[in-house]
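Participant: Could you have a look at this structure, given as structure tokens, before my questions?
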Amino acid sequence: MGNPKAFLTINRKEAGYRPIADRIKDYGEVEQTLNSEDRRLQASRCMECGVPFCHWSCPLGNKQPEWQDRLYKNDIKGAYALLIATDDFPEFTGRVCPALCEKGCVLNKVHEPVTVRENEAAIVERAFNEDYVHACPPKKRTGKRVAVIGSGPSGLACANQLNQRGHSVTVFEKDEAIGGLLRFGIPDFKLNKSVIDRRLNLLKEEGIEFKTGMKVGEDITADDLLKDFDAVCVCIGSGVPRDLKVTGRDLKGVHFALELLQQQNRVVAGAEIPKGERITAKGKHVLVIGGGDTGSDCVGTSNRQGALSVTQIEIMPKPPEGENPATPWPYWPMILKTSSSHMEGCDRRWLLDTKEIRGVDGKVKEVVVEEVEWEKDPETGRMNLKHTGKTETLKADLVLLAMGFTNPIKVGLLEQLGVELDQRGNVKVDAGQKSSVDKVFAAGDASTGASLVVRCIASGRKAAQAIHDYLMK
């Protein structure tokens, strides 16, 4: 390392966010950037530990100490080469990954981990700006054809890896543009869509074929796929949202979270949405049901649309702040997370179960919630939900259901392929991501259930290796 004792004298310094008063007026990325010298100093804080738990924590196995050293020495070309050796899209993970690596950093024992995620984003942006990133099409083709269904992070990673190995890859996407939830789920204030387009242009130059507006299972059958391609990888995500089965669910103004997020992303991209179909929080009291990242995205979007108030409720207990003895370092800490969206204005509440949605003239007006408790069964150790009977009525003109996703959509492609599903309804795969049907593989949320972008990329890479081995036997 260039400065092995830097962590003793240099404190963690984050780039921070744009001022709230400015950022809630637009959909520009909320994160700021450090100047190059400060970024180098942050990279120098890496201790190059004997056991790099950052590497151990990362689903992709990124070699953080190595590229931190390259960044400190201002070798951006070398740092970028190390990054893309394990991560196909560091510009995505550098923006939206929850940084599992930082939670495993030895310096996190004193809550001063290296700014790994920000450093990663800085490396890739400098690499693009300094012209170190170029299309690298394969020199030879194998003659094998692979179909990838879905263009989210797992599908793009799988396609990229297979293309680099010389196979001809066609990516089928049901929506009008490539990117999956990267494009139509994650808000622009977290991931500007020009970042996706920049990478897509490279993938196209390298020879990957993209077909948008193609619903596989409708516009093209599974039989046609199996006949025309040597292998198929299903990367359709976990598309079935968890629903809320209570009285009033069908009232106008009650929507799944992705209905709001996808529509707003399309509006930012320039789409014209008919007035009667427009979902907006402007001038409304918004209730977000679900305390995860999708719920947080709804909070940020609602504030930008001009909500009068935003309340986010969660059925689980409030996590501990700062420390949680149940999840010690280097494990992922189950502690309270406060996102940039929460900072912009949100009343967060826990231990509330939704009992009824009420409305006037067919439109939602209020939601009845009940306080709950979680009790540990002394025999099994299982936590059981207990209803207290204490209810409260919350004002709500717009209700957003952000309670996660259950499994991939079965109708169409999965039914036609006849793949076996696991107990949770995901595509059942072996250690090599292969399904029960010959030639058919699956990756990402379609095989694991809803997960992180970084895990999806790792899954796509793993599937690509297995498909390559299958094709070249």
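The values are calculated or read from the model by the stated rules, or taken from the named source; none is laboratory data. Just so you know, these numbers come straight off a predicted model, no measurement behind them. A quick note on method: Cβ atoms are made from the backbone with ideal geometry, for glycine too, and the neighbour counts reach across all protein chains shown. These accessible areas exclude ligands, DNA and RNA; they are computed on the full protein's heavy atoms, side chains included. Shrake-Rupley method; radii C 1.70, N 1.55, O 1.52, S 1.80 Å.
Participant: Give the span of the range 1-151's Cα atoms along each principal axis, as three whole-Å numbers ordered largest to smallest.
Facilitator: 56, 46, 28
Participant: While we're looking at this one, here's another question. Give me a comma-separated list of calculated 3J(HN,Hα) values for the range 209-217, in order, Karplus coefficients 6.51, -1.76, 1.60 applied at θ = phi - 60°, integers in Hz, x for any Gly or Pro.
Facilitator: Whole-Hz 3J(HN,Hα) from phi for the range 209-217: 9, 10, 10, 9, x, 10, 8, 6, x.
Participant: Same structure again: Calculate the translational D of the range 214-353 in whole µm² s⁻¹ from Stokes-Einstein, where the hydrodynamic radius comes from the Kirkwood formula applied to all Cα pairs, the temperature is 25 °C and the viscosity 0.890 mPa s. Display every interim value, and only then the final one.
Facilitator: Numbers: Rh = 18.2 Å.
After rounding, the answer is 135 µm²/s.
Participant: Helices from the chain with mean Kyte-Doolittle at least -0.5 and a Cα length along the axis of 24 Å or more, per DSSP H: which? Can you show the working numbers first?
Facilitator: Working: long enough: 453-471 (27 Å, 0.28).
Span-like helices, by this rule, are 453-471.
Participant: Test of understanding: what is the full-extension gain from K227 to H387, defined as 0.36 nm times their sequence separation minus their Cα-Cα distance? Present the calculation step by step, with values, prior to reporting the outcome.
Facilitator: On the way: separation 160, 0.36 × 160 = 57.60 nm, distance 5.44 nm.
Taking K227 through H387 to full extension adds about 52.2 nm, to one decimal.
Participant: Once the whole set of protein chains is in place, how much accessible area is left on C346, using a 1.4 Å probe, in Å² to the nearest 10?
Facilitator: Roughly 40 Å² of C346 is accessible to a 1.4 Å probe.
Participant: For K73, K190, give the ranking by accessible area with the largest first, probe 1.4 Å. Can you show the working numbers first?
Facilitator: Working: K73 100, K190 65 Å².
Highest to lowest solvent-accessible surface, that is K73, K190.
Participant: When you count, for each residue, the other Cβ atoms within 10 Å and take the mean per peptide, how do 387-395, 88-96, 240-248 rank with the highest first? Mind showing how you got there, number by number?
Facilitator: Details: 387-395: 12.3, 88-96: 24.1, 240-248: 13.9.
Highest-to-lowest ranking by the protection proxy: 88-96, 240-248, 387-395.
Participant: Taking a probe of 1.4 angstrom, what is the accessible area of I279 in Å², to the nearest 10?
Facilitator: 20
Participant: In whole angstrom, how long is each semi-axis of the equivalent ellipsoid of the chain, when you take the square root of 5 times every eigenvalue of its Cα gyration tensor and sort them from largest down?
Facilitator: 35, 31, 23
Participant: Could you sort H55, H468, H134 by accessible area so the largest value comes first, with the probe set to 1.4 Å?
Facilitator: Details: H55 80, H468 40, H134 100 Å².
Largest accessible area first, the list is H134, H55, H468.
Participant: Alpha carbon centre of the range 167-223 versus the range 65-134: separation in Å?
Facilitator: 25
Participant: Of the heavy-atom accessible surface of the chain (probe 1.4 angstrom), what whole percent is carbon and sulfur? Numbers along the way, then the final one.
Facilitator: Values: 10880 of 21920 Å².
For the chain, the apolar C and S fraction of the accessible surface comes to 50 percent.
Participant: Collect residues whose amide H, placed 1.01 Å from N in the peptide plane, falls under 5 Å from the amide H of V148; neighbours closer than 5 in sequence don't count.
Facilitator: T170, V171, F172, C233
Participant: Ranked from the most accessible area to the least, with a 1.4 Å probe and all protein chains present, what is the order of S296, S451? The partial results should precede the final answer.
Facilitator: Details: S296 10, S451 50 Å².
Greatest to least solvent exposure: S451, S296.
Participant: Using only protein heavy atoms and a 1.4 Å probe, report how much of D397 is accessible, in Å² to the nearest 10.
Facilitator: For D397, the solvent-accessible surface is approximately 40 Å².
Participant: With a 1.4 Å probe and all protein chains left in place, how much accessible area per residue does the chain have, in Å²? Let's see the in-between values first.
Facilitator: Numbers: 21920 Å² over 473 residues.
Per residue, the chain has 46 Å² of solvent-accessible surface.
Participant: State the volume of the convex hull built on the alpha-carbon positions of the range 122-252, expressed per residue in Å³ and rounded to an integer. It would help to have the intermediate numbers written out before the result.
Facilitator: Working: hull volume 18.7 nm³, N = 131.
Enclosed volume per residue, from the Cα hull, is 142 Å³.
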